[in-house]
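The values are calculated or read from the model by the stated rules, or taken from the named source; none is laboratory data. Because the structure is predicted, anything quoted here is derived from the model rather than measured. Here Cβ is always computed from backbone atoms with ideal geometry, including for glycine, and neighbour counts include all displayed protein chains. SASA here: full protein model, heavy atoms, side chains in, ligands and nucleic acids out. Shrake-Rupley method; radii C 1.70, N 1.55, O 1.52, S 1.80 Å.
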Amino acid sequence: MRLYHFISFFVFTALPALSQTKFTDVTQEAGIDHIFDVYQGLFGGGVAVFDYNNDGYEDLFLTSGQGKDILYRNNGNGKFSDVTEESGLIQDLLTVTTGVSTADINKDGFIDIFITTIAAQKEKSSKIKTLSNNLLYLNTGEGTFIEKNEEYGLKDKNFSTSCSFGDINADGYPDLFVANYFKEFYFEQALFGTHNLAILNHYSINEEYEPGNDELYLNMGGKSFKNVSNFLKCNPGYGFGAVFTDVDNDNDLDIYLVNDFGENNEPNQILINQYPKLDFENKSKELKLNVGLKSMGVGVGDYNNDSYLDYHVTNIFAGPFMVNRGKDKSFVNLAPNIGTGINKIEGYKGSKQVIIGWGSLFVDYDHDKDLDLFNSNGPINPMTNRIPNILFENKGRFFDVCSDSGLMDFGIGRGSVHFDYDNDGDQDIFVVNQKPVYDMTYRGGIVKSKLYRNDNSNNLNWLKVKLNGKNATTRGLGSRVKIFLKDNLQMVREVDGGSSHASQNTSIVHFGLGENTKVDSLSITWPGGKTQYLVDISSNQLLEVDELEEINDSLWDHFLKYFNID
Amino acid sequence: MKWNKIRFLPFVFLFLIVQQKILFSQERSIARTWNEVILESIRNDFARPTVHARNLFHMSAMMYDIWTIFNKKSKPFFLNKNNNGVYIPYEETSFDKENKKALHEAISYASYRYLYHRYEVSPKFKKTKDLIDSVFCSLGYDPNFKSINYKDGNSAALGNYIAKQVIDYGWKDGSNEKYFYTNLFYEPVNQPLILKNPGSQKINDPNRWQPLAFEKFIDQSGNEIPGSVPPFLGPEWGLTWPFSLDKNDLKSMNRDEFNFPVYHDPGPPPEFLDSDCKINSEFWWNHSYVSIWSSHLDPNDDVLWDISPAGIGNLDFSNIKYNVESLKGIYNRYDGGDFSNGYKINPITNKPYKKQIVPRGDYTRVIAEFWADGPDSETPPGHWFTILNYVSDHNEFDLKFEGKEKLTNLEWDIKAYFILGGAMHDAAIAAWGIKGFYDYIRPISAIRMMSDYGQSSNPNLLNYSPFGIKLEKDYVDLVNENDKLAGKSKENVGKIKLRAWKGHDYISNTETDNAGVGWILAENWWPYQRPTFVTPNFAGYISGHSTYSRAAAEVLTLLTGSEYFPGGMGEYIAKKNKFLVFEEGPTRDIKIQWATYRDASNQCSLSRIWGGIHPPVDDLPGRIIGEKIGIKAFNYGKSFFKTD
């Protein structure tokens, strides 16, 4: 009998290994216990990856809505510790947070946190909420944070959904974008009936609330932020976020912002940086990036290794897959033909569910030299239909991995990020899940936020590159890292300053190298265009690169520049 | 669903059948083997008739060019000449004339590389890959041999080399292969028709194409968001480099800031409104045709037809115009079919054709399905390759080029594929150039839209609108109070009803039910097509099927030297209760029969009206343009066959 037990134990434990699960849920063993406590609506939350104590292990900051936001310290042994309280990241009054991004605002070498909010308690005793200012926490360098939004001039009270950092004027100080959804929001004290977020729907959003104006702030030497929202040459939309990204390969950071309800309101917008002139030009129509949909988030990556960045936008139903055809050419939406145009996914107990996508990220999870695509999905609270996440494998065309991915939880997914929490070289994934508004006892239970360890075991090679900016921002946000491999293969990555949804991926760029055991050469282009090179780099290492203070262009570079060769 | 049944067959078994069929049939040429493989690859791909016409053509031309290297008498198509600015060099190498082994090897390597390239992004590539690999390996070739250095006389390297050149040519040929043939300029002007909802919904421009939404998402408050909306396939296909289309037949036509290349411009289709701002009778006449013919899809209405060549075929439509008066002389509005005379005798046997009396409702449903060429099929260009192969295999056919010179199996296949491929490719470019530019509405949108407006026959009756459909006794009428369709609270009174095929709602089991014909609300009218397909995802004007089919019929006529099928009869048997896919039927075995290639082509054209997706005005210009394309392609292709 005992033997029988032993055998059945063996059989059952052996089975999962056979089914080739690519990711493993390690939330519990990593000591993570988080769920985004939604303030009766569809907004939030997010997660930012950063190393707050510079110990070489990337930590996580998680927004929690009307719950307690959490800073998780990565202990380096596969476990995380909640250090929120000891780091001073506690609010007196209840604040409903949504998105988060991080950057070294004052260039003291320690990464600071910016959190977007939609509402806050008026006073401690009251339930009544009002619009709230967003939260800037400066890192003291001693493991603690101090709230500094007033001092930095970030006082506006808006209905903010997410934020991102990027250095638009290449002065080395990260500038800030804040996405706002509504212009005003009438909380419980509305004149006619109660308007809390639970009853938000297509009609009430479109008919009763005006879309919000997004905000753009210029970082003034690390001492304050100056509101330069007039550079955002577009109309207010139901903003869900933006990425700072170089769409046209001219070495400055443009802004691609995505809006909800873009069919009837302001669609997505691309604003082209006119650097060195401090200005932006709206080229949404020319570049055909003015997609009008339920855009929730955007992922950035050069999926076809042509050195032009492509963008995937999440949506209700399949989102557009916007492919960059090169400078001054319009984008083409390949979603219907490239394999990501899946509108429904097998949900709970085999039911087919319409995909509602939020987080989107490109990552080469299997090191086969091309970027794969991950989307975190989830219904719109209080709806509880179960829409799992989806992983697409890039094989020239995209193929969904689904049940073999190990990533298909039935949580109400929102933001998601990739990073390497266990420093083993491959990219792991974290997904923020919302707490269902309804009782889930008879609906399959509650699924909390998830940490997924990458267990895709092939023996292919990788390279991680961490930038140490000197004149540029501390982590080189928005910089472009390009590697050159044999057979003329080139791959680029852009350092993420905040993307989708309401989140920020690792700022350590990652390449899958396939069979290559070395990289022929590597270039780093910092925002503004300064470029430095390294040659002959061996694989399977974390390469830390310090920005060179002075870069003397070689004759060869002059030659390339003269003839405008990229 | 019957279709699922096929999937449940053990895969290996099915696979073996396909492979056996391809490999071990006696006397099949190497060209035929690889042609069967590409046809199967097409079936495993999306239903993209433009893309597959191009794939068939490039593959056929590639095999032809390799053959010319060994034949040494004919001129190659790609090699050593300028094709639209692309020059594919080939250095004369010591390949022995008629060296069969080397020729087979070169064709196989080229086909293998080419098929891998063109189909590796298919949704069902795994199936395709297994087939390509197994055919290639069982012919004894090594997939790891990748050299393209043919100059020392290595025929495998020659195959690899030519495939690479043709693939590279494809990157430049205007088809936009690089971006999966996705539209770069075209955008639909109309909001999608959500198929789960009644009516035509929101049509901004009644003369333009309306996309279809196969899903809808309902948010918390019941608002609907359309989903699964297939984009227009190929509106910019006119940019693709053709085979034999003539620049003199090309116009650059501007709309929405894009210059559509249009070959053989047939002029605009009838617009929705006439100059008095009332419904244009030509528009109405054409689109309502489709709902009337939809009433012929009942096998139990006691209408019997002789569908043999004695009863159907032999239609003459030379010098026809596209207006209603002319079209009336061809199509039979109420009884269905065309005013063809049939044949008194089979000129090959000199005996009369044997009558085949069957229910009209079986015949029409069978041909609608036979020529549907949608999902899981080889699409219309591929379908005509299967018909060519059928002819080549026919016992009574001699493989005589133009009915004169007898060719070997291989030479026949090589030449026939080359010309037919070219014609199909040209048909796609011409038809889709026209479709893209005119962007004309489909019957499902037009019929529902006219009916949504009401009736334009009588201002004194209910629901009058100058934009409405016209009432026609027994076919189009108003729902009255006592009508079954009136609804519980009489909410449908005054709506337009149609006597038509009742649609998928009336089929719960595709094995046992057929929807039948009866009165339905016009807002719920469906074409006789699969519920997952409904109507092809591109504009209707002009019919691709008519263009492809007529072009192919002309090519086969010239190629074989006879307008008649071998023995004066082509035949396909649709098995009782097996053949139809989405409903039960036919009620008996139906032999689809054609005397001539043109009869087959005409039948294909009519099947699209019964199928609910083309009015006559889409069809006829397709036939006439197809005829021109087929003849031109044949003569152009033939000019390569003799050296100067």
Open item on the list: Past 21 Å, Cα to Cα: identify those pairs from B:101/B:415; A:470/A:530; B:100/B:406; A:327/A:369, in the order given.
Closed with: A:327/A:369
Open item on the list: A drop of at least 40 square angstrom in accessible area, chain alone versus all protein chains together, probe 1.4 Å. Which residues of the range B:162-204 meet that?
Closed with: B:179, B:180, B:182, B:184
TODO: Measure off, as a whole percent, the carbon and sulfur share of the 1.4 Å-probe accessible area of chain A, all protein chains present.
DONE: 50
- [ ] Express in whole angstrom the spacing between the alpha-carbon centres of the range A:104-135 and the range A:500-538.
- [x] 33
Task: Estimated buried accessible area (total), pair B and A, 1.4 Å, Å² to nearest 100 - done: 2200
Task: Pairwise centroid distance, computed over Cα atoms, of the range A:283-326 with the range B:324-353, Å - done: 54
- [ ] Name the residues of the range B:121-138, by number, that are at least 30 Å² less accessible with every protein chain in place than in the isolated chain; the surface is that of heavy atoms, probe 1.4 Å, without ligands or nucleic acids.
- [x] B:121
Open item on the list: Just to make sure I understand: if all protein chains stay in place, what is the order of B:344, B:578, B:497 by accessible area at 1.4 Å, largest first?
Closed with: B:344, B:578, B:497
Task: In nm, spacing of pseudo-spin labels at residue A:123 and residue B:147 (7 Å Cα→C-beta vector) - done: 9.0
Task: DSSP-assigned coil residues among trypsin sites (Lys or Arg not before Pro) in the range A:400-471, each with at most 16 further Cβ atoms within 10 Å - done: A:443, A:470
Task: For the range A:260-346, diffusion coefficient by Stokes-Einstein and Kirkwood Rh (Cα), 37 °C, 0.692 mPa s, µm²/s - done: 238
Open item on the list: So, taking all protein chains as they sit and a 1.4 Å probe, how much accessible area belongs to residue A:537, in Å² rounded to tens?
Closed with: 10
Task: Computed [θ] at 222 nm, helices only, for chain B once each DSSP H run of length n ≥ 4 contributes -39500 (n - 2.57) - done: -13000 deg cm²/dmol
- [ ] For the range B:384-426 and the range B:465-534, compute the distance between their C-alpha centroids and round to whole Å.
- [x] 45
- [ ] Report the paramagnetic label zone for residue A:521: residues of the range A:470-484 whose backbone N is under 20 Å from a point 7 Å from Cα along the Cα-to-Cβ axis.
- [x] A:480-484
- [ ] Could you do me a favour and compute the accessible area per residue for the protein assembly as shown, 1.4 Å probe, result in Å²?
- [x] 38
Open item on the list: Run lengths n ≥ 4 of DSSP H only: what is the helix-derived mean residue ellipticity at 222 nm for chain A, with -39500 (n - 2.57) per run over all residues, to the nearest 500?
Closed with: -2000 deg cm²/dmol
Task: Alpha-carbon radius of gyration plus Dmax, which is the widest Cα pair, for the protein assembly as shown in Å - done: 32.9, 104
Open item on the list: Order B:491, A:515 by their accessible area, 1.4 angstrom probe, all chains in place, largest first.
Closed with: A:515, B:491
TODO: Within the range A:277-381, list the trypsin sites (Lys or Arg not before Pro) lying in a DSSP loop whose Cβ has at most 15 other Cβ atoms in a 10 Å radius.
DONE: A:277, A:285, A:327, A:329
- [ ] Could you pull out the pairs from B:328/B:435; A:22/A:466; A:344/B:164 whose alpha carbons sit more than 31 Å apart here?
- [x] A:344/B:164
Open item on the list: As an exercise, identify the trypsin sites (Lys or Arg not before Pro) in the range A:69-133 lying in DSSP coil whose Cβ has no more than 11 other Cβ atoms within 10 Å.
Closed with: A:124, A:127
Task: Listed pairs B:72/B:632; B:351/B:404; A:68/A:464 exceeding 28 Å between Cα atoms - done: A:68/A:464
Open item on the list: On the Cα set of chain A, report Rg and Dmax in Å, please.
Closed with: 22.5, 81
Open item on the list: Could you tell me which residue out of B:254, A:463, A:485 lies farthest along the dipole of the protein assembly as shown toward its positive end? Charges go on the beta carbon: Lys and Arg +1, Asp and Glu -1, centred on the Cα centre.
Closed with: B:254
Open item on the list: Taking R0 as 51 Å, what FRET efficiency do you get between residue B:591 and residue A:532 from their Cβ-Cβ distance, rounded to the nearest 0.05?
Closed with: 0.10
Task: Percent accessible area from carbon and sulfur atoms, the range B:165-316, protein chains only, probe 1.4 Å - done: 47
Task: Within the accessible area of the range B:518-644 (1.4 Å probe), percent carbon and sulfur - done: 51
Open item on the list: Testing the spin-label approximation: label points 7 Å from Cα along Cα→Cβ at residue B:275 and residue B:348. State their distance in nm.
Closed with: 5.2
